[in-house]
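In what follows, a structure is listed as structure tokens, so that the remarks can point back to it.
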2 protein chains.
Amino acid sequence: MPLAPGFPTVGIVGAGQLARMSAAPAAALGVRLRLLASVADESAAQVVPDVVLGSPSDVEALLRFAEGCDVVTFEHEHVPPASLRALVDAGVAVRPGPEALLHAQDKAVMRERLSAAGLPCPRWAVVTSTAEVEAFADGAWPVVLKAARGGYDGRGVWVVGAVEEAGPVLAGLAEQGVACLAEERVDFTRELSAQVARSPSGQAAAYPVVQTVQRGGICREVVAPAPGLSEDAAVAAQDIALRIAGLLGVVGMLAVELFETADGRVLVNELAMRPHNSGHWTIEGAVTSQFEQHLRAVLDLPLGSPARLAPLAVMCNVLGGDHPDMYEPYRHVLARDPGLHVHMYGKEVRAGRKVGHVTALGADLDDLLDRTRHASAYFMGEVLE
Amino acid sequence: MPLAPGFPTVGIVGAGQLARMSAAPAAALGVRLRLLASVADESAAQVVPDVVLGSPSDVEALLRFAEGCDVVTFEHEHVPPASLRALVDAGVAVRPGPEALLHAQDKAVMRERLSAAGLPCPRWAVVTSTAEVEAFADGAWPVVLKAARGGYDGRGVWVVGAVEEAGPVLAGLAEQGVACLAEERVDFTRELSAQVARSPSGQAAAYPVVQTVQRGGICREVVAPAPGLSEDAAVAAQDIALRIAGLLGVVGMLAVELFETADGRVLVNELAMRPHNSGHWTIEGAVTSQFEQHLRAVLDLPLGSPARLAPLAVMCNVLGGDHPDMYEPYRHVLARDPGLHVHMYGKEVRAGRKVGHVTALGADLDDLLDRTRHASAYFMGEVLE
């Protein structure tokens with residue numbers, strides 16, 4: 001019998017940095033974590049004692065992992081439907097549930113559902129041939145092609161400038177048995193992210209809408225709240241996220257990535273049903289971090305306040321550069337800026353891989369951008385003047 | 001070889017709630033933790049993978065634990081001098097070092113050293129007989145008797161109203177081979193705590209001075225910063241703490257518990273060379289928590305900013321009450337106050353034992369006191385109106 005009876009165990013499928021950052025609020029809440037990790041020294045497995053090794057496609061490993069968990073949740077979407085079904089059939093509380101999760105796993109299913117509900121999406125179509133791509137483009141190139149399943153961090157997305165470029169993409173996806181989505185390339189002014197949490201009993205909480213900057217399909221920088229976003233536009237974005245959470249029956253955190261256009265519209269780009277890179281600022285910048293909120297939501301505990309603690313928060317990702325040793329730049333970064341919050345993920349450095357992030361809170365946007373960008377660049381072997 | 005080369009391992013002797021709360025900043029900093037725990041399901045051992053079981057008085061276990069640690073530190077003072085010597089002799093970086101630590105372990109040594117340096121202490125004397133207690137009191141009863149070593153949370157402290165009461169205390173301590181300290185009972189208006197961090201290279205950081213409320217020798221409530229404390233008085237208290245840290249060569253966090261008197265003086269009560277209950281508010285309330293700062297200091301990393309993030313923070317301890325199950329009151333507490341930060345330690349509930357704490361940040365002292373006191377009382381089976 002545990003020393004603290006009644007306190008539950010949450011199983012997280014995956015042991016990357018999102019699971020790693022869930023360990024702190026779990027310990028604070030008195031909630032036990034169990035991880036399904038692919039290797040023993042994965043990012044989160046370094047900091048969580050209860051780790052089961054295995055793949056989410058190995059149903060036996062998954063069921064072994066789920067035994068003794070009060071609820072099973074995810075730090076990524078790459079869990080095969082058969083695995084989810086096996087969990088549900090075994091009576092495991094899976095949150096978010098397979099039906100909700102499908103909309104974060106399959107972009108075609110997501111577009112279909114959101115469009116049917118009147119939620120604003122870019123123009124889209126499922127395409128199976130170059131002729132269909134050409135018909136979809138109707139002369140308006142470039143067109144964005146997306147793998148309906150399996151993409152992340154810029155993978156699985158192609159911007160094609162002419163029909164000839166579409167052929168190899170379609171062929172590649174067909175070979176993998178993955179559907180292809182064509183979307184208009186939205187001429188956006190910036191990208192936003194609206195995060196909400198929803199619990200099984202229907203309680204919901206909306207975080208301030210943030211501005212995100214991606215490069216090469218990878219999130220680089222987040223400003224919370226999005227500078228210059230009108231109250232109306234912020235409420236509209238939060239409303240979209242809350243409607244999607246309710247429509248799909250999401251449980252846990254939901255991130256809705258949005259395009260903002262010059263004429264002030266917002267269009268849904270992608271969904272993630274878990275803590276998300278656009279919410280790392282909440283660790284220090286909000287009363288309840290997205291990681292704590294996800295745990296509360298999947299456990300059907302009362303949600304915490306999503307209010308921010310400072311006028312502004314800026315988060316910059318640290319990507320791997322040329323040097324495997326991050327400890328020297330780390331000492332420099334800590335020495336240069338005692339007010340910076342530094343998060344390292346314990347991951348092997350590979351070029352372009354997310355290995356950490358930094359956050360600064362304050363009231364002066366330029367100051368926060370300078371500090372977080374400098375730190376991020378310094379880690380990556382560049383120095384900004 | 002670790003995935004993140006260069007990042008160090010910190011060994012913590014002890015696996016209670018202080019070590020538990022060190023796990024979150026260690027994971028964020030990319031620092032590995034190893035614990036010396038007495039039992040496998042101790043508070044911190046529940047949330048840290050690398051745990052060695054053993055007692056700090058078992059030199060062999062201690063050396064096995066220290067192997068592979070870049071530095072060894074402590075979450076309590078109850079480490080025998082022979083164990084500390086063995087670590088130092090084996091070439092282990094022990095921080096704080098045995099000589100500094102002795103002043104947190106032995107109140108007689110501490111009083112001697114601080115008095116010699118002109119630091120303000122209550123009147124004190126080492127006493128070995130009732131005659132000496134009577135001479136010390138000189139008619140001014142009550143007198144406070146303290147075990148020079150081994151006390152904590154109100155244990156090892158006796159307020160004696162007459163010489164007859166001193167006899168059993170002296171006899172008990174003599175039997176244990178522990179020296180006895182007599183101190184004037186300070187007619188204090190309130191208790192304060194001044195926390196500073198100091199690194200081996202001499203860098204120091206001072207936290208806002210806080211007000212603490214003890215009942216039965218156990219800390220119940222902390223307000224940061226101490227309400228109504230003048231700037232001069234706050235600086236004087238910080239100065240005392242910084243002087244002590246420098247004088248004793250402290251490395252890591254130092255908490256100096258102080259008495260404030262009606263005539264505006266502050267007197268040193270006790271020292272702790274580790275994260276301290278009076279600093280739990282820093283987890284959410286300061287840029288750098290005391291737990292992160294302690295890790296930075298013992299690793300000789302640049303210190304973080306001790307600045308506070310909100311005008312006020314109030315922390316209330318949750319003590320064990322009559323009911324072993326804390327989960328039901330916990331759900332109530334979360335539901336009642338979405339802005340509250342709740343920390344549970346995963347400890348078995350015993351009457352009067354610290355099993356968690358709650359913190360609220362804001363600008364309205366009465367509101368913060370109401371909320372944290374209500375939550376704390378509710379956990380303990382009382383309800384405040």
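The values are calculated or read from the model by the stated rules, or taken from the named source; none is laboratory data. In this text the structure is predicted, and so the values were computed from the model without any measurement. Note: ideal-geometry Cβ built from the backbone for every residue, glycine included; neighbour counts use all protein chains shown.
Which residue out of B:43, B:55, B:22, B:83 is within 14 Å of chain A (Cβ to nearest Cβ), within 22 Å of the chain's Cα centre (by Cα) and over 30 Å from residue A:349 (Cα atoms)? Spell out the reasoning first.
Values: B:55 fails: within 14 Å of chain A (Cβ to nearest Cβ); B:22 fails: over 30 Å from residue A:349 (Cα atoms); B:83 fails: within 14 Å of chain A (Cβ to nearest Cβ).
Testing whether each residue is within 14 Å of chain A (Cβ to nearest Cβ), within 22 Å of the chain's Cα centre (by Cα) and over 30 Å from residue A:349 (Cα atoms) leaves just B:43.
Are any of the residues in segment A:158-171 within 29 Å of residue A:236 (Cα to Cα), surrounded by fewer than 18 Cβ atoms within 10 Å (Cβ to Cβ) and among the acidic types (Asp, Glu)?
So far as segment A:158-171 goes, no, none of its residues is within 29 Å of residue A:236 (Cα to Cα), surrounded by fewer than 18 Cβ atoms within 10 Å (Cβ to Cβ) and among the acidic types (Asp, Glu).
Of (1) more than 16 Å from residue B:275 (Cα to Cα); (2) crowded, with 19+ Cβ neighbours inside 10 Å; (3) β-branched (Val, Ile, Thr); (4) more than 8 Å from chain A (Cβ to nearest Cβ), residue B:48 satisfies all except one. Which?
With (1) more than 16 Å from residue B:275 (Cα to Cα); (2) crowded, with 19+ Cβ neighbours inside 10 Å; (3) β-branched (Val, Ile, Thr); (4) more than 8 Å from chain A (Cβ to nearest Cβ) applied to residue B:48, the lone miss is (4).
State all residues of segment B:44-61 that are farther than 18 Å from residue A:30 by Cβ and part of a helix (DSSP H, G or I); if no residue qualifies, say none.
B:59, B:60, B:61
Only one of (1) within 13 Å of residue A:346 (Cα to Cα); (2) touching a helix residue (DSSP H, G or I) at 6+ places or on another chain (Cβ under 8 Å); (3) in contact (Cβ under 8 Å) with a residue 24 or more places away in the chain fails for residue B:9. Which number is that?
(2)
Given (1) surrounded by fewer than 20 Cβ atoms within 10 Å (Cβ to Cβ); (2) within 30 Å of residue B:338 (Cα to Cα), where does residue A:187 come up short, assuming only one miss?
Residue A:187 satisfies all of (1) surrounded by fewer than 20 Cβ atoms within 10 Å (Cβ to Cβ); (2) within 30 Å of residue B:338 (Cα to Cα) except (2).
Could we say that residue A:64 is in contact with a strand residue (DSSP E or B) (Cβ under 9 Å, 6 or more places away or on another chain) and among the basic types (Lys, Arg) here?
Details: in contact with a strand residue (DSSP E or B) (Cβ under 9 Å, 6 or more places away or on another chain): yes; among the basic types (Lys, Arg): yes.
Judged against the criteria, residue A:64 is a match.
What residue, of A:64, A:20, A:34, is of a type in the set (Lys, Arg) and in a strand (DSSP E or B)?
On the way: A:64 fails: in a strand (DSSP E or B); A:20 fails: in a strand (DSSP E or B).
Selected residue: A:34, the only one of A:64, A:20, A:34 that is of a type in the set (Lys, Arg) and in a strand (DSSP E or B).
Could you grab me the full set of residues in segment A:5-19 that are more than 12 Å from chain B (Cβ to nearest Cβ) and over 19 Å from residue A:77 (Cα atoms)?
Of segment A:5-19, the ones more than 12 Å from chain B (Cβ to nearest Cβ) are A:10-14, A:16, A:18.
Answer for segment A:5-19, where residues must be more than 12 Å from chain B (Cβ to nearest Cβ) and over 19 Å from residue A:77 (Cα atoms): there is none.
Could you check how many residues of segment A:184-220 are closer than 20 Å to residue A:286 by Cβ and either within 14 Å of another protein chain (Cβ to nearest Cβ) or in contact with a His (Cβ under 6 Å, 6 or more places away or on another chain) (or both)?
7
Scan segment B:134-161 for residues that are small (Gly, Ala, Ser) and either closer than 17 Å to residue B:76 by Cβ or in contact with a Cys (Cβ under 8 Å, 6 or more places away or on another chain) (or both) and jot them down. If you could, list the steps in order and put the result at the bottom.
First, pick out the residues of segment B:134-161 that are small (Gly, Ala, Ser): B:135, B:137, B:139-140, B:147-148, B:150-151, B:154, B:156, B:161.
Within segment B:134-161, B:147, B:148, B:150, B:151, B:154, B:156 qualify.
Give the residue, chosen from B:115, B:83, B:22, B:43, that is hydroxyl-bearing (Ser, Thr, Tyr), in contact with a Phe, Trp or Tyr (Cβ under 9 Å, 6 or more places away or on another chain) and without any contact (Cβ under 8 Å) to a residue 60 or more places away in the chain.
Details: B:83 fails: in contact with a Phe, Trp or Tyr (Cβ under 9 Å, 6 or more places away or on another chain); B:22 fails: without any contact (Cβ under 8 Å) to a residue 60 or more places away in the chain; B:43 fails: without any contact (Cβ under 8 Å) to a residue 60 or more places away in the chain.
Among B:115, B:83, B:22, B:43, only B:115 is hydroxyl-bearing (Ser, Thr, Tyr), in contact with a Phe, Trp or Tyr (Cβ under 9 Å, 6 or more places away or on another chain) and without any contact (Cβ under 8 Å) to a residue 60 or more places away in the chain.
Kindly evaluate residue A:3 against the criterion of being crowded, with 17+ Cβ neighbours inside 10 Å and at pLDDT 95 or above.
Numbers: crowded, with 17+ Cβ neighbours inside 10 Å: yes; at pLDDT 95 or above: no.
Considered against the rule, which asks whether it is crowded, with 17+ Cβ neighbours inside 10 Å and at pLDDT 95 or above, residue A:3 comes out as no.
Taking the criterion of being under 24 Å from residue B:374 (Cα atoms) and touching a residue at least 60 places away in the same chain (Cβ under 8 Å), would at least one residue in segment B:320-329 satisfy it? Spell out the reasoning first.
Residues of segment B:320-329 under 24 Å from residue B:374 (Cα atoms): B:320-329.
So of that shortlist, the ones also touching a residue at least 60 places away in the same chain (Cβ under 8 Å) come out as B:320-321.
Yes, because at least one residue in segment B:320-329 is under 24 Å from residue B:374 (Cα atoms) and touching a residue at least 60 places away in the same chain (Cβ under 8 Å).
Look through A:358, A:349 and report the one residue that is β-branched (Val, Ile, Thr) and at pLDDT 95 or above. Even if it seems obvious, please write down each step before you answer.
Values: A:349 fails: at pLDDT 95 or above.
A:358 is the lone residue from the list that is β-branched (Val, Ile, Thr) and at pLDDT 95 or above.
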